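Peer 1: Please find one structure pasted underneath; my questions will follow.
The values are calculated or read from the model by the stated rules, or taken from the named source; none is laboratory data. Bear in mind the structure is a predicted one, so any value in this text is a computation, not a measurement. Positions of Cβ are generated from backbone atoms using ideal geometry, with glycine treated the same way; all protein chains shown enter the neighbour counts. Ligands, DNA and RNA are stripped out before the accessible areas are found, and what is left, the full protein with its side chains, is counted by its heavy atoms. Shrake-Rupley method; radii C 1.70, N 1.55, O 1.52, S 1.80 Å.
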Amino acid sequence: MTTIDFYILGQTQTLDRHRFVCNLVSKVYGQGRHIYIHTHDAAAAHELDELLWGYKGEAFIPHNILGDDARPQVQVQIGWGQHPDHHHDVLINLASPQPNFFSRFERVLEVVIQDDEILRQTRQHYKFYKERGYQVTYRDLRG
């Protein structure tokens, strides 16, 4: 069954959320996992794409935007609105509502910032997962 992890940040800005996602991707990618980052729109996907290309000069995280250069062998892909047919390992969800294909992933990671709209959305996600019996954990990183 899919496991769900919420990462609760103290920051309030989308850019901080995206930077944290880059750190998370680096860690999960380093474990050899395949990652699909699901955003709410093309602008967010492209922002993450740029941040990943510039992530820590010494680090290299091969990735692409789903559909731009669809190569299933790429371990990290970013998308919105479409179904990532070949992914099933780790989903980083930044969209609401959560995509209807979330349950085919082994792990779902949700990143929460202290923004009223994001808090409202992720509370709904948490409730949705719990009501359906998913194992949900949260990591409060507000320090």
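Peer 1: Using alpha-carbon pairs under 8 Å, 6+ residues apart, how would you state the relative contact order of segment 1-115 in percent? The partial results should precede the final answer.
Peer 2: Working: 191 pairs, mean separation 48.9, N = 115.
Over segment 1-115, the number comes to 43 percent.
Peer 1: Under a Cβ-only charge scheme (Lys and Arg +1, Asp and Glu -1), can you give me the dipole magnitude of segment 59-117 about the Cα centre, in debye to the nearest 20?
Peer 2: 280
Peer 1: Provide the solvent-accessible area of I35, counting protein heavy atoms only and rolling a 1.4 Å probe, rounded to the nearest 10 Å².
Peer 2: Approximately 0 Å² of I35 is accessible to the 1.4 Å probe.
Peer 1: Of H40, T2, P62, which is farthest on the positive side of the dipole of the chain, counting Cα position, with +1 on Lys and Arg Cβ, -1 on Asp and Glu Cβ, and the Cα centre as origin?
Peer 2: T2
Peer 1: Can you give me the % of accessible surface on the chain that is carbon or sulfur? Probe 1.4 Å, all protein chains present, nothing else counted.
Peer 2: With neighbouring chains kept in place, the figure for the chain is 48 percent.
Peer 1: Applying the Karplus parametrisation 6.51 cos²θ - 1.76 cosθ + 1.60 with θ = phi - 60° to the phi angles of segment 97-107, what ³J(HN,Hα) value in whole Hz is obtained for each residue in order, glycine and proline being reported as x?
Peer 2: These are the phi-based 3J(HN,Hα) values: x, 4, x, 5, 9, 4, 6, 7, 8, 5, 9 Hz.
Peer 1: Report the label-to-label distance for L51 and Y138 in nanometres (one decimal), using points 7 Å from each Cα along the Cα→Cβ vector.
Peer 2: Roughly 2.1 nm, to one decimal.
Peer 1: Please list, ordered by chain and number, the residues whose modelled amide H lies under 5 Å from the amide H of D89; skip anything fewer than 5 residues away on the same chain.
Peer 2: Answer set, sorted by chain and number: E106.
Peer 1: Report Rg (one decimal) and Dmax (nearest whole number) for segment 1-81, counting Cα atoms only, units Å.
Peer 2: Values for segment 1-81 (Cα only, Rg and Dmax): 12.6, 37 Å.
Peer 1: Can you give the charge dipole size of segment 24-125 about its Cα centre, rounded to the nearest 20 debye, using +1 on the beta carbon of Lys and Arg and -1 on the beta carbon of Asp and Glu?
Peer 2: Using Cβ point charges on Lys, Arg, Asp and Glu, segment 24-125 gives about 420 debye.
Peer 1: Whose amide H sits under 5 Å from the amide H of Q114, counting only residues 5 or more places off or on another chain, with H placed in the peptide plane?
Peer 2: Those qualifying (amide H under 5 Å, at least 5 residues apart or on another chain) are Q11, T12.
Peer 1: Tell me what the chain gives for mean residue ellipticity at 222 nm when only DSSP H runs of n ≥ 4 count, each as -39,500 (n - 2.57), the sum divided by the residue total, rounded to 500 deg cm²/dmol. Walk me through the intermediate numbers first.
Peer 2: On the way: 3 runs with 45 residues, N = 143.
Computed mean residue ellipticity for the chain: -10500 deg cm²/dmol.
Peer 1: Using a probe radius of 1.4 Å on heavy atoms only, what accessible surface per residue do you get for segment 23-143? Whole Å² is fine.
Peer 2: 53
Peer 1: Moving to a separate point now. When the distances between all Cα atoms of the chain are binned every 5 Å from zero, what whole-number percent does each bin get?
Peer 2: Calculated over all Cα pairs of the chain, the distribution is 2, 10, 21, 25, 22, 14, 5, 1, 0 percent.
Peer 1: While we're on this one: Once amide H atoms are placed 1.01 Å from N in the peptide plane, what residues at a sequence separation of 5 or more from Y138, or on another chain, have their amide H within under 5 Å of its amide H?
Peer 2: For Y138, whose amide H was placed from the backbone, the distant partners under 5 Å are F6.
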